[in-house]
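> This is the structure, below, for whatever I ask next.
The values are calculated or read from the model by the stated rules, or taken from the named source; none is laboratory data. No experiment lies behind these values; they were computed from the predicted model shown. Counting neighbours? That spans all protein chains shown, and the Cβs are built from the backbone with ideal geometry, glycine included. When the accessible area is computed, the model is the full protein with side chains, heavy atoms only, and any ligands, DNA or RNA have been set aside. Shrake-Rupley method; radii C 1.70, N 1.55, O 1.52, S 1.80 Å.
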Amino acid sequence: MSLVGGIRPPIAVLSVLLLSLAGITALTLGKPDNALVPKAVLTSQQYVAEDGAIALRASLDESVTDLTGTATLFNEGKPVSADTVLDKVGEVYQKWRGTAVIEIKSGKMLAARGENVPLSAIDLSKLSRGDGLAPRMVRLENGQTRLIIPALLSWKGRPQQLLVASSTLSFPGVDLGPGRAIGVVDSTGRLLSSHGALDGERAGKQLASFAKTAARKGRQHPIKAKEPGAGGYTGVSGHLTGGAAEDVRTVGGYATLTPPQPGEPTTASSLGLTVVTQVDVSAKVSQITRPAFGVAAAGALLLIGGLAVMVLLGTVQRPLIRLFLESRRLTRGDLARPVSVPRAGEAARVGAALERLRRQLQGEPADAPAPAVRKGLGARALLAVCAVLLLVWSVPLMLVLNRADSSVKVPVQLVHDQKSRTVTLSDRVRRALNEGHADLSAVAALIGDRTTPEDMKKVLERTMQDHDRYQSMYVLGADGEILARAGDGPHHEDGKGPSKQAIEVTGEGGKKPVVTATAQAPGRGGAAVVGEFRIEFVNALLGRQGMGEVRVVDAKDRVIGGDSGYIAFEKAPSHMNSLLATKQAGATVQRGGTVRVAAAAPFSGGGAAKSLQWSLASWQPAAGLAIPEYSLQNRTVLAGLLGLTAAAACLGWLHIVVVRPLRALAGQAEALAAGDRKTVLFPRHHDEVGAVVRSLELIRQQLQGQPRKRDGGSRTPAGVGRN
């Protein structure tokens, strides 16, 4: 017999699957959930750490790009004094703790602003090396760490100078929320900087412990650190669990600084830094599971599954095997004993045909009256009965039992995290727009009344190469004439002068909003440098794990951007109206038909983007979070799906390899018994049904070989007169 065909394998596999599923059901649905902290809370800490790592990496890389880009713009213009350089740098960018300009050859300090820059970290004699101008980290005497960024100032006929800026390892715009601390760790596990709630010796020791663990885990390869097929954050990240005190446990997350595109390292991602966070959360044992439920569900499956298997064994398998043995007996010439005919169904039809063929082999004519066949449920009906029995167990688990309703308890920490992450992302978008406007201001500050359109175009093209946030840049004259441009065609209205607003949004009615920034050129008589942001750049900032759907909304609650499909300038979802109306950062659990965790945060802080009055809205269904109630519901649904899958697979298998061939066999056997001697019968499968078909073919050949009486008498019985 075939290993995958026949009547036995499908029934045996079904029995094994049902027994295994009963054990899984008893263990998964009856085992108490002893987790003190829901998995959703732990995963959320990982996402918070990833947000911090993204913000820190973007801030450091932007600082490096801004300083080197500014130095390049100065190098292409006329020579200016060191004080002028620092004044313009400080006027456009307010991000560095200290700046200085020194003469490389003599080492003389030419100008300085802000705190003292640790110039001893720079060896002026090695600047010509490949990494001579690379940013580096320096630890100060007070224990703080600074990132030192050098850039070369070079004018023809003047000694080369070095522009140096120092930056802290801070997290710009990262909202920590209540009770959270965050720190930056180097590859050895040493805390370089920390912020947030670190009151008490216990909190400090716990963060130091987390720092060492995060540094060790951060040394893994990003691919090896994840489960196969896992996506999301391109670096190494995870969550941490610390000590407990009474009903409070410290949890945290970590994430390495990673480039925005895999395989394309940036300055910040090459520093070997890791962000680590910690927060105290409530730790209580979940009591939502009931061990008796799992045992009862497993017992019901054993009872129902056993009944279905008994039906298959008694009404399908045994009759078919009996037919197989009876057909073999007839082919061997044992015709003395009548065929044992099954009770009903296709097996009864085949058995009755075999009995007629036995009599015909003994000499009875083919047109003799056929015995009555007992009617009953066919094989297909029996399979349907078994399917219904298994559905009686599976369907309630999938649709009814252990369902989480609108009263499900959402951990408070998840609500806090949704709010803080939304505030952080809102500030990230605001800062990105402000940085874009600052780039335009830096370009505009260097455009004078003698700058030619060709030189303007070169500066614009270089700026677009350094920053991918723009789709178009151009210099607009006071009369509305475009003096120079780079990138795509501008959306500017002909004859219209520069806008008085630093950043504005146009394009209503089109497919995409047009976000335009304008920076006045002081020495060009009313001209301005204009940059049109790519809306894809704004949308790319919104793609964060674990935040659900995110939308940028303007002052009229119209959608400007989003991390997933949206229609430009459509109204924000109605369930976000109450949060957006407050014009304050907030989060809540929305209940009703769908339980959601939602948050909103308006732009806060200064800069050119403040005038936009945008807000960020985010929401996600609680059903997608690893909350105990939903986890139990998901396990229950999974058990039902497994039962349905086992029934469909095994009963479908049985129908294909046994029931359909058996129905065809019944028709062939009845036709042969009715006198059809010309149709050759051949088996399609090497199983019980195929064996019966082979036996029928042998019987057909025996009947064809019987001699006929010339006068139309009956055939000579098989074996009679042979010696």
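> Does residue 63 qualify as being without any contact (Cβ under 8 Å) to a residue 24 or more places away in the chain and either within 30 Å of residue 394 (Cβ to Cβ) or touching a Phe, Trp or Tyr at 6+ places or on another chain (Cβ under 9 Å) (or both)? Outline the logic, then answer.
Details: without any contact (Cβ under 8 Å) to a residue 24 or more places away in the chain: no; either within 30 Å of residue 394 (Cβ to Cβ) or touching a Phe, Trp or Tyr at 6+ places or on another chain (Cβ under 9 Å) (or both): yes.
The answer is no for residue 63.
> Next question. Can residue 486 be described as at pLDDT 90 or above, touching a Phe, Trp or Tyr at 6+ places or on another chain (Cβ under 9 Å) and crowded, with 18+ Cβ neighbours inside 10 Å?
Numbers: at pLDDT 90 or above: yes; touching a Phe, Trp or Tyr at 6+ places or on another chain (Cβ under 9 Å): yes; crowded, with 18+ Cβ neighbours inside 10 Å: yes.
Answer is yes for this residue.
> Taking the condition at pLDDT 90 or above, β-branched (Val, Ile, Thr) and more than 30 Å from residue 92 (Cα to Cα), does residue 415 pass? Can you show your working first?
Details: at pLDDT 90 or above: yes; β-branched (Val, Ile, Thr): yes; more than 30 Å from residue 92 (Cα to Cα): yes.
Considered against the rule, which asks whether it is at pLDDT 90 or above, β-branched (Val, Ile, Thr) and more than 30 Å from residue 92 (Cα to Cα), residue 415 comes out as yes.
> Here is a further query. Would you say residue 146 is open to solvent by less than 60 Å² (accessible area, probe 1.4 Å), of a type in the set (Lys, Arg) and either out of contact with any helix residue (DSSP H, G or I) (no Cβ under 6 Å at 6 or more places or on another chain) or modelled with pLDDT under 85 (or both)?
Details: open to solvent by less than 60 Å² (accessible area, probe 1.4 Å): yes; of a type in the set (Lys, Arg): yes; either out of contact with any helix residue (DSSP H, G or I) (no Cβ under 6 Å at 6 or more places or on another chain) or modelled with pLDDT under 85 (or both): yes.
Yes; evaluated as a whole, the condition is true for this residue.
> Would you tally the residues in region 162-177 being open to solvent by 10 Å² or more (accessible area, probe 1.4 Å) and of a type in the set (S, T, N, Q)?
Going residue by residue through region 162-177, those that are open to solvent by 10 Å² or more (accessible area, probe 1.4 Å) are 168, 170-177.
Cutting the leftovers down to of a type in the set (S, T, N, Q) gives us 168, 170.
Residues that pass the stated criteria total 2.
> Could you please find all residues in region 199-227 being at pLDDT below 90, of a type outside the set (D, E, K, R) and open to solvent by 50 Å² or more (accessible area, probe 1.4 Å)?
200, 220, 221, 223
> Ok, one more. Just give me the residues in region 248-271 being in a loop (DSSP other than H, G, I, E, B) and either modelled with pLDDT of 80 or more or touching a Phe, Trp or Tyr at 6+ places or on another chain (Cβ under 7 Å) (or both), in sequence order.
Within region 248-271, the first condition is being in a loop (DSSP other than H, G, I, E, B), and the residues that meet it are 257-267.
Hits for region 248-271 are 257, 258, 259, 260, 261, 264, 265, 266, 267.
> To continue, here is another question. Kindly indicate whether any position in region 675-684 is of a type outside the set (Phe, Trp, Tyr) and not in a loop (DSSP other than H, G, I, E, B).
Looking only at region 675-684, we keep the residues that are of a type outside the set (Phe, Trp, Tyr), and these are 675-681, 683-684.
Applying the additional criterion that residues be not in a loop (DSSP other than H, G, I, E, B) yields none.
Scanning region 675-684, I find no residue that is of a type outside the set (Phe, Trp, Tyr) and not in a loop (DSSP other than H, G, I, E, B), so the answer is no.
> Here's something else I'd like to know. Please indicate, with yes or no, whether at least one residue in region 302-315 is modelled with pLDDT of 90 or more, open to solvent by 20 Å² or more (accessible area, probe 1.4 Å) and not in a helix (DSSP H, G or I).
No: region 302-315 contains no residue that is modelled with pLDDT of 90 or more, open to solvent by 20 Å² or more (accessible area, probe 1.4 Å) and not in a helix (DSSP H, G or I).
> Considering (1) at pLDDT 90 or above; (2) under 22 Å from residue 67 (Cβ atoms); (3) in a helix (DSSP H, G or I), say which one residue 462 fails and leave the rest.
All conditions are met except number (1).
> Residue check: is residue 480 closer than 30 Å to residue 50 by Cα and not aromatic (Phe, Trp, Tyr)?
Numbers: closer than 30 Å to residue 50 by Cα: no; not aromatic (Phe, Trp, Tyr): yes.
Against the criterion (closer than 30 Å to residue 50 by Cα and not aromatic (Phe, Trp, Tyr)), residue 480 does not qualify.
Per-residue answers, yes or no, for (1) modelled with pLDDT of 90 or more; (2) under 30 Å from residue 314 (Cα atoms); (3) open to solvent by 30 Å² or more (accessible area, probe 1.4 Å); (4) within 27 Å of the chain's Cα centre (by Cα):
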residue: 1; (1), (2), (3), (4): no, yes, yes, no
residue: 4; (1), (2), (3), (4): no, yes, yes, no
residue: 10; (1), (2), (3), (4): no, yes, no, no
residue: 13; (1), (2), (3), (4): yes, yes, yes, no
residue: 16; (1), (2), (3), (4): yes, yes, yes, no
residue: 19; (1), (2), (3), (4): yes, yes, yes, no
residue: 22; (1), (2), (3), (4): yes, yes, no, no
residue: 28; (1), (2), (3), (4): no, no, yes, yes
residue: 37; (1), (2), (3), (4): no, no, no, yes
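> Search region 623-637 for residues being in contact with a Ser or Thr (Cβ under 7 Å, 6 or more places away or on another chain) and part of a helix (DSSP H, G or I), and hand back the single one that is most open to solvent (accessible area, probe 1.4 Å).
So in region 623-637, the residues in contact with a Ser or Thr (Cβ under 7 Å, 6 or more places away or on another chain) come out as 626, 628, 632, 635.
Applying the additional criterion that residues be part of a helix (DSSP H, G or I) yields 628, 632, 635.
On the way: 628: 22, 632: 15, 635: 73 Å².
Across region 623-637, the extreme among qualifying residues is 635.
> For region 142-187, how many residues meet the condition of being of a type in the set (A, V, I, L, M), under 33 Å from the mean Cα position of the chain (by Cα) and not in a loop (DSSP other than H, G, I, E, B)? First the steps, then the outcome.
Initially, region 142-187 is screened for residues of a type in the set (A, V, I, L, M), giving 147-149, 151-153, 162-165, 169, 174, 176, 181-182, 184-185.
Applying the additional criterion that residues be under 33 Å from the mean Cα position of the chain (by Cα) yields 169, 174, 176, 181-182, 184-185.
Adding the requirement that they be not in a loop (DSSP other than H, G, I, E, B) leaves 181-182, 184-185.
Residues that pass the stated criteria total 4.
> Can you go through 106, 81 and tell me which one is among the polar types (S, T, N, Q), surrounded by fewer than 20 Cβ atoms within 10 Å (Cβ to Cβ) and modelled with pLDDT of 90 or more? Give the derivation first.
Working: 106 fails: modelled with pLDDT of 90 or more.
Just one listed residue meets the conditions, 81.
> Would you mind finding the one in 293, 324 that is farther than 30 Å from residue 28 by Cβ, part of a helix (DSSP H, G or I) and not β-branched (Val, Ile, Thr)?
Working: 293 fails: farther than 30 Å from residue 28 by Cβ.
Every option except 324 fails the conditions.
> Can I ask one more? In region 399-421, what residues are crowded, with 17+ Cβ neighbours inside 10 Å, hydrophobic (A, V, I, L, M, F, W, C) and part of a helix (DSSP H, G or I)?
If the condition is that a residue be crowded, with 17+ Cβ neighbours inside 10 Å, hydrophobic (A, V, I, L, M, F, W, C) and part of a helix (DSSP H, G or I), then 414, 415 are the ones that fit.
> May I pose another question? Please determine, by comparing only the residues of region 605-622 that are open to solvent by less than 50 Å² (accessible area, probe 1.4 Å) and in a helix (DSSP H, G or I), which one is farthest from residue 558 (Cα to Cα).
Among those that are open to solvent by less than 50 Å² (accessible area, probe 1.4 Å) and in a helix (DSSP H, G or I), it is 622.
> Quick one: count up the residues across region 362-398 that are part of a loop (DSSP other than H, G, I, E, B) and at pLDDT 90 or above. Don't jump to the end; show me each part of the working.
If we filter region 362-398 for residues that are part of a loop (DSSP other than H, G, I, E, B), which is where we start, we get 362-378.
With at pLDDT 90 or above added as a condition, the list becomes none.
Residues that pass the stated criteria total 0.
> I'd like the residue in region 489-501 that is of a type in the set (Gly, Ala, Ser) and over 37 Å from the mean Cα position of the chain (by Cα) and, out of all such residues, is modelled with the lowest pLDDT. Full working, then the answer.
Here is the first cut: in region 489-501, the residues of a type in the set (Gly, Ala, Ser) are 489, 495, 497, 499.
Keeping just the survivors that are over 37 Å from the mean Cα position of the chain (by Cα) gives 495, 497, 499.
Numbers: 495: 83, 497: 88, 499: 89.
For region 489-501, the residue satisfying everything is 495.
> Quick test of your reading of the structure: residue 579 fulfils all but one of (1) in a helix (DSSP H, G or I); (2) open to solvent by 50 Å² or more (accessible area, probe 1.4 Å). Name the failing condition by number.
With respect to (1) in a helix (DSSP H, G or I); (2) open to solvent by 50 Å² or more (accessible area, probe 1.4 Å), residue 579 is out only on (2).
> To continue, here is another question. Please go through region 440-455 and give me each residue that is at pLDDT below 90 and open to solvent by less than 20 Å² (accessible area, probe 1.4 Å), ordered by number.
442, 443, 444, 447
> Please specify each residue of region 505-551 satisfying the condition of being surrounded by fewer than 16 Cβ atoms within 10 Å (Cβ to Cβ) and without any contact (Cβ under 8 Å) to a residue 40 or more places away in the chain.
Passing the criteria: 506, 536, 540, 543.
> Let me ask something additional. Would region 422-439 turn up any residue that is buried (at least 16 other Cβ atoms within 10 Å of the Cβ), farther than 24 Å from residue 615 by Cβ and at pLDDT 85 or above? Break it down stepwise before answering.
Looking only at region 422-439, we keep the residues that are buried (at least 16 other Cβ atoms within 10 Å of the Cβ), and these are 422-439.
Imposing the further condition that a residue be farther than 24 Å from residue 615 by Cβ reduces the set to 439.
Next, from what is left, pick out any that are at pLDDT 85 or above: 439.
Yes, the conditions are met somewhere in region 422-439.
> Which of the residues that make up region 188-221 are of a type in the set (Ser, Thr, Tyr), outside any strand (DSSP E or B) and in contact with a Leu (Cβ under 8 Å, 6 or more places away or on another chain)?
Of the residues in region 188-221, the ones of a type in the set (Ser, Thr, Tyr) are 188, 193-194, 209, 213.
Then drop every residue that is not outside any strand (DSSP E or B), which leaves 188, 209, 213.
Answer for region 188-221, where residues must be of a type in the set (Ser, Thr, Tyr), outside any strand (DSSP E or B) and in contact with a Leu (Cβ under 8 Å, 6 or more places away or on another chain): just 213.
> Can you name every residue in region 47-73 that is open to solvent by less than 10 Å² (accessible area, probe 1.4 Å) and farther than 29 Å from residue 274 by Cα?
71
> Right, something else. Mind listing whichever residues of region 84-97 are buried (at least 18 other Cβ atoms within 10 Å of the Cβ), of a type in the set (D, E, K, R) and within 14 Å of residue 149 (Cα to Cα)?
Going through region 84-97, the residues buried (at least 18 other Cβ atoms within 10 Å of the Cβ) turn out to be 85-86, 88-89, 92-93, 95-96.
Applying the additional criterion that residues be of a type in the set (D, E, K, R) yields 88, 95.
95, the sole residue that qualifies.
> Could you tell me whether region 475-484 includes any residue that is more than 40 Å from the chain's Cα centre (by Cα) and charged (D, E, K, R)?
Restricting attention to region 475-484, the residues satisfying the condition of being more than 40 Å from the chain's Cα centre (by Cα) are 475-484.
Still in the running and charged (D, E, K, R): 479, 481.
So far as region 475-484 goes, yes, one or more of its residues are more than 40 Å from the chain's Cα centre (by Cα) and charged (D, E, K, R).
Conditions (1) at pLDDT below 90; (2) open to solvent by less than 20 Å² (accessible area, probe 1.4 Å); (3) of a type outside the set (A, V, I, L, M, F, W, C), marked per residue:
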residue	(1), (2), (3)
603	no, no, no
639	no, yes, no
658	yes, yes, no
664	yes, no, no
